[in-house]
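All of the numbers you see were taken from the coordinates with simple rules; none came from a lab. Small disclaimer: the values here were computed from a predicted structure and weren't measured. Here Cβ is always computed from backbone atoms with ideal geometry, including for glycine, and neighbour counts include all displayed protein chains.
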Amino acid sequence: MILSGSLPNIPWEEKPEGCRDVVWRYSKNPIIQRDAIKRSNSIFNSAVVPFKDGFAGVFRCDDKRREMLLHAGFSKDGINWIIDEEPIRFKYEDEEIGKFEYGYDPRVCFIEDRYYVTWCNGYHGPTIGIAYTFDFKTFYQLENAFLPYNRNGVLFPRKINGKYAMLSRPSDTGHTKFGDIFYSESPDLIYWGKHRHVMAPRGWWQSTKIGAGPVPIETEEGWLLFYHGVLTSCNGYVYSFGAALLDIDEPWKVKYRTEPYLLSPQKLYECVGDVPNVVFPCAALHDKDSGRIAIYYGCADTVTGVCFAQADELINFIKDNSKL
Ligand code: BMA
């Protein structure tokens, strides 16, 4: 059972008749096309949250120079999105931090009174940028969380043992051939420490590297974490995703972890695009009352899709198909 967050207007579509999987795709995917704004080459790996009586988000929009930029967007129903034509220009106190090189793969996390954005931020190589906003119009950038090189920085939606908590994936400057998920904590979102190992890559679809996906969801069985896993085929990387349940008070302790993937690139829009064979989840909406979960994921580094799961069925599946 999901422990917090009522969202009666969560986007939803029932599981199709005869579907044997625990995660199923929206029938009208992709929901965001690559050219949804004038300057975009592709819109994918993006993060959405409930906002006012609808939804808001931060979107990875690579432009036609192929520069990686972040744009805010809004939606009434979580399916039809209006994305700002202009990229986010972060406000900052220190010039050193404000020199924007590039930004990609955002996550958005509501903690206490504001929305935090974490993303892969260019600072002499990729690292984890953090900013906050109240309205998705003005964004205040904080210090980078970690030294380069790092990717897939994902905050927990509340303090744990009195500290902010984040998952991340130390990496290199290129198309990293390795990657484990680590946990870090901070008293103030500036200074991070107490780094703990969470998970390493392991067999098959997750054999090359793994990285945290959406903000974890608090359930009776632990933190529900969707994470991507990569395998190296003769034609290059293949990105799928699975899920794990992490201990509530010590989230670096993995209780369960799916041996099979939950979703792998199979549809044309997941297999054909700027980077073929990629499903990459960056956000999940949930409604504790109905147990509905909507997962937003980038497809082939080109467009954005959504897929669904029912919490109880999913948690049972993770427990029944777990190998640590
Ligand atoms: C990763 C990131 C993601 C991307 C993936 C597949 O390293 O760059 O943004 O989806 O590769 O290209």
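Built from the Cα atoms of segment 182-227, the convex hull projects on average onto 4.4 nm², one quarter of its surface area. In this rough spin-label picture, where each label sits 7 Å from Cα along the Cβ direction, the residue 140-residue 250 distance is 3.6 nm.
In segment 95-136, which GluC sites (Glu not before Pro) are in a loop and have at most 14 other Cβ atoms within 10 Å, using DSSP for the loop call?
Answer by residue number: 101, 112.
With a cap of 14 neighbouring Cβ atoms within 10 Å, and only residues DSSP puts in a loop, list the chymotrypsin sites (Phe, Trp or Tyr not before Pro) found in segment 150-193.
Qualifying residues, ordered by number: 178, 191.
When only alpha carbons of segment 16-124 are considered, Rg and Dmax amount to 15.7, 56 Å. Applying 0.36 nm per residue to the separation of residue 77 and residue 235 and subtracting their alpha-carbon distance, the gain on full extension is 53.1 nm.
Kirkwood hydrodynamic radius of segment 127-226, from the reciprocal of the average inverse Cα-Cα distance over all distinct pairs: 14.5 Å.
Less than 13 Å Cβ to Cβ from residue 231, Lys/Arg counted +1 and Asp/Glu -1: what total charge do the surrounding residues give? Result for the neighbourhood of residue 231: +3. Each residue of segment 72-83 was assigned a 3J(HN,Hα) from its phi angle through the Karplus curve 6.51 cos²θ - 1.76 cosθ + 1.60 (θ = phi - 60°); the sequence is 7, x, 9, 8, 7, 10, x, 10, 9, 10, 10, 9 Hz, with glycine and proline shown as x. Sparsely packed loop sites in segment 101-169 (the trypsin sites (Lys or Arg not before Pro) outside DSSP H, G, I, E and B with at most 12 other Cβ atoms within 10 Å) comprise 137. Over the C-alpha trace of the chain, radius of gyration and Dmax come out as 17.8, 56 angstrom.
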